[in-house]
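Scroll down for the structure; my scribbles are underneath it.
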Amino acid sequence: VGRGGWSWYTGAAAWMHRAAIESILGLQQGAQELCFTPCLPSHWPRAELCLSRDGRTMRFVFVRGNAQAAQDVLRDEQLDAQLLRPSTPLAWTTLQPHSIFVVPVLDEPSNPPASRDIEPTYLQGTT
C-alpha cells in the first residue's frame, strides 16, 4: 500500500511530457488541424519539435526574436521550410510526407504596463 510502482512513474512521465508540449510549445491538436501558441522560457533562444502522424513527419523550429530572426532560420534550413505564424491553424492532413516549419516566438515587452490600483466597487464610499 502506498507504492506507485513503475506504471505510476511511466504515467507521470507521459503527463509531464504532454504538459511541456502543450504549455511551453503551445501545441493544440485536432483531428485535421494543429496550431501553436508558444511560450518559451526567456532564456531559450530556440526549440524544436518533431511530430509523426499518419505517415507524415513534421518538424517545427521555434525561434525567439523578430520576423527577421525567423527569416534567417528559414534561409538556413532546407529549401522546403515554411513560415508558420503562432495561432495559425495548419491542416496537417494535406502536407507532404516530410515538412519543416519555422515558428517565430516574438519577445514580450520587457516593461509590462503598470497595473492600476483600483478600489473594488463594494469598498467605495465606506469608511
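Quick check: pseudo-label points 7 Å beyond the Cα along Cα→Cβ at Met16 and Ala91, how many nm apart are they?
Simple spin-label model gives 3.9 nm for this pair.
Which value in nm describes the separation of the simple spin-label points at Leu83 and Glu33, placed 7 Å from the Cα toward the beta carbon?
Each label point lies 7 Å from its Cα, and together they span 2.0 nm.
Only the coordinates and a few stated rules stand behind these numbers; no lab work does. Keep in mind it's a predicted model, so treat the numbers as computed, not measured. Here the Cβ is made from the backbone with ideal geometry for all residues, glycine too, and neighbour counts use every protein chain on show.
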